[in-house]
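The structure appears below as structure tokens.
The values are calculated or read from the model by the stated rules, or taken from the named source; none is laboratory data. Keep in mind that this is a model prediction, so the values were computed, not measured. Cβ atoms come from the backbone with ideal geometry, glycine included; neighbour counts cover every protein chain shown. Areas reflect the complete protein model, heavy atoms only, side chains present, ligands, DNA and RNA absent. Shrake-Rupley method; radii C 1.70, N 1.55, O 1.52, S 1.80 Å.
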Amino acid sequence: MSADPAEPAARVPHPLRDYALLADGERGALVGPRGDLAWMCFPRWHDDAVFCALLGGRSAYAVSPRGRFTWGGYYEPGGLIWRSRWATERGIVESREALALPAERGRAVLLRRIEARDAPAAVEVTLAAGAGFDRHGMARLRRDGDGAWRAELGEERLAWLGGQAAEVREEGGGKSLVLELELEAGERHDLVLVLARGEAPEPPLPAADLWSATEAGWRERVPAFADSLAPRDARHACAVLSGLTSVDGGMVAAATSSLPERAEQGRSYDYRYAWIRDQAYTGQAAAAAGAEALLERAVEFVSARLLADGASTSPAYTVDGAPVPPERRLELPGYPGGVDVVGNRVRDQFQLDLFGEALLLFAAAARHGGLDAEAWRAAEAAAEAIAERRAEAEAGIWELEPALWTHSRLICAAGLRAIAGQGPGGERAARWQALADSLLADASAHSLHRDGRWQRAPEDERVDASLLLAAIRGAVPAEDSRSRATLDAVAAELTQDGYCYRYRADERPLGEAEGAFLLCGFWLALGLAQQGEHEAALRWFERNRASCGPPGLLAEELDIGQRQLRGNLPQAFVHALLLECAAVL
């Protein structure tokens, strides 16, 4: 994307594949190739942004070498500590970056350590924060006697250490701090930004101590996965999922809002909320891979929602279990091709499959150490919700117009079978098995295509990649003729160039209506492995896990023709299926 000569470089967006994620579980930040931190909400995921240049705002926090440079970067193994790396005309410059651990709900500490690796370096740092999606700039900006800059951002308070030599500049309707650094070869310079709600931030620990605590925090969060198919990618996927998961247990579907799935098509959504389905996918992947902390958090969050809301459980919540706010527009230009929107209409939907996914999650947890009494009560609530609402039209996995979606009924059957096999048996298990049999019989009677495969709904004969889950999750055996016929139909009708689409939206060729869904590619890998086609399964796994940019993050969709990521970033359920495939294959 080319820059407007009048636009500061930190506010010019990049293709999504170039952004790295910093996250601590309570909030996340995206950092671009110019060291431009262009997105961060505070104090938590669903709150307003304090840096929103990604959507056309003025607020950003950039660290960039002066002059000409080329960009690279990498994550340190087993965490979300990112190193931006620039080759300049004089030498190599790096910026080590992280949100500090352990995280606090109302306080964030952003670490940046700039280093001139092998030659003197000139670096420019620009800080322009703006709370409330730029409604509140840096007011009462001052440099205190300890050299730290402090400011008020509406309800938020800011302290910036390491930038004592910065100058205040007025531009674009607000104030910025600009720091010109001249570093000798081998010299390092630490910058520590502290954000707090309400009261002024207390001085943090020394930067070295903050880095040590953050390194230790990531070592505790991410196992080695030495026995998985792809240990490095499995660790990275686990780190991403952990970074997206709050101390309350809720895991956001993505760190961002309003990044378009299709340019100029009005398909921009806010994914900074915890979907029950996505949480269940992550819990099942964690169980398969041995990531106990992620599994425990998923069970904790999903159990609490079911016990609180029963058959009225919403498809999604904020990470602290509150309702998702309604959609509203912001007063920002938006990411190119998209519209600026926060909130999500999922709050008003009924999705039956979430109850089946919850039961699959609980069954996976039971196989790996058992469920406590509260989780078993939540399982009872999920099963009762299926029995009560199975005949209702609902939005389904893809959040479409209400219908009797086949996938939802089959995944509920799979969940009932799985949880029935983990309990003490007796009348309850028999009741759950009978309900599963009834759901399967109904789907077989009304949603079986004449070719012997599952179809999307009684009135919709199309094939859908989500129907692969009937066999993968155990609603029907893998050797069942319906399983094989569905797998063959998905491969024949919904794949292109090693990628898989959800379904055919209309008569246009694949790829014109929407991008390939990376989630579906991983489902195909699992389905093929289940059929004993291991070489084919590995091809699908390798193709889809490579659909990322240098930081290794995966979005929801891939535009095959342009080799570009589409939609919000990073998409949690895609990383969950990557982790599951790495463990299972």
What are the residues in region 377-404 that are farther than 17 Å from Leu435 by Cα and open to solvent by 10 Å² or more (accessible area, probe 1.4 Å), if any? Arg377, Ala393, Ile397, Trp398, Glu399, Leu400, Glu401, Pro402, Ala403
Could you figure out which of (1) within 27 Å of Ala391 (Cβ to Cβ); (2) touching a residue at least 40 places away in the same chain (Cβ under 8 Å); (3) of a type in the set (Lys, Arg) isn't true of Arg450? (2)
I need a count of the residues in region 271-293 that are more than 14 Å from the chain's Cα centre (by Cα), part of a helix (DSSP H, G or I) and among the aliphatic types (A, V, I, L, M). 6
Exactly one of Ala513, Ala491, Ala546, Ala555 is more than 30 Å from Ala420 (Cα to Cα), modelled with pLDDT under 95 and aliphatic (A, V, I, L, M), and that residue is Ala513
Residue list for region 292-320, restricted to those being touching a strand residue (DSSP E or B) at 6+ places or on another chain (Cβ under 8 Å) and either polar (S, T, N, Q) or closer than 25 Å to Ala387 by Cβ (or both): Ala298, Phe301, Arg305, Ser314, Pro315, Ala316, Tyr317, Thr318
Residues located in region 528-585, provided they are touching a residue at least 60 places away in the same chain (Cβ under 8 Å) and of a type in the set (S, T, N, Q): Gln564, Asn568, Gln571
Considering each of Leu435, Leu371, Leu410, Leu416 in turn, give the residue that is under 27 Å from the mean Cα position of the chain (by Cα), open to solvent by less than 50 Å² (accessible area, probe 1.4 Å) and farther than 16 Å from Ser466 by Cβ. Leu371
Would you point out which residue out of Tyr74, Tyr19 is buried (at least 20 other Cβ atoms within 10 Å of the Cβ) and in contact (Cβ under 8 Å) with a residue 24 or more places away in the chain? Tyr19
Kindly evaluate Ala226 against the criterion of being under 28 Å from the mean Cα position of the chain (by Cα), without any contact (Cβ under 8 Å) to a residue 60 or more places away in the chain and within 30 Å of Leu577 (Cβ to Cβ). yes
Quick one: in region 85-105, which of the residues that are of a type in the set (Gly, Ala, Ser) and under 21 Å from the mean Cα position of the chain (by Cα) is surrounded by the most Cβ atoms within 10 Å (Cβ to Cβ)? Ala98
Is it the case that Leu183 is closer than 14 Å to Phe51 by Cα and either in contact (Cβ under 8 Å) with a residue 60 or more places away in the chain or not hydrophobic (A, V, I, L, M, F, W, C) (or both)? no
Taking Ser268 as meeting all but one of (1) part of a loop (DSSP other than H, G, I, E, B); (2) surrounded by fewer than 22 Cβ atoms within 10 Å (Cβ to Cβ), write down the number of the exception. (2)
For Ala285, all conditions in the list (1) open to solvent by 10 Å² or more (accessible area, probe 1.4 Å); (2) touching a His at 6+ places or on another chain (Cβ under 9 Å) hold save one; what is the number of the exception? (1)
Can you pull out every residue in region 336-349 that is part of a loop (DSSP other than H, G, I, E, B), within 19 Å of the chain's Cα centre (by Cα) and modelled with pLDDT of 95 or more? Gly343, Asn344
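Quick check on region 324-351: of everything there that is in contact with a helix residue (DSSP H, G or I) (Cβ under 6 Å, 6 or more places away or on another chain) and closer than 21 Å to Ile397 by Cβ, which residue is surrounded by the fewest Cβ atoms within 10 Å (Cβ to Cβ)?
Of everything passing the filter in region 324-351, Glu327 is surrounded by the fewest Cβ atoms within 10 Å (Cβ to Cβ).
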Just give me the residues in region 559-575 being open to solvent by less than 10 Å² (accessible area, probe 1.4 Å) and under 21 Å from Leu487 (Cβ atoms), in sequence order. Val574
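Given the residues Arg68, Arg27, Arg58, Arg44, which is the only one that is within 19 Å of Leu101 (Cα to Cα) and either among the hydroxyl-bearing types (Ser, Thr, Tyr) or surrounded by fewer than 24 Cβ atoms within 10 Å (Cβ to Cβ) (or both)? Before you say what the answer is, go through the steps one by one.
Working: Arg68 fails: within 19 Å of Leu101 (Cα to Cα); Arg27 fails: either among the hydroxyl-bearing types (Ser, Thr, Tyr) or surrounded by fewer than 24 Cβ atoms within 10 Å (Cβ to Cβ) (or both); Arg58 fails: within 19 Å of Leu101 (Cα to Cα).
Matching residue, one of Arg68, Arg27, Arg58, Arg44: Arg44.
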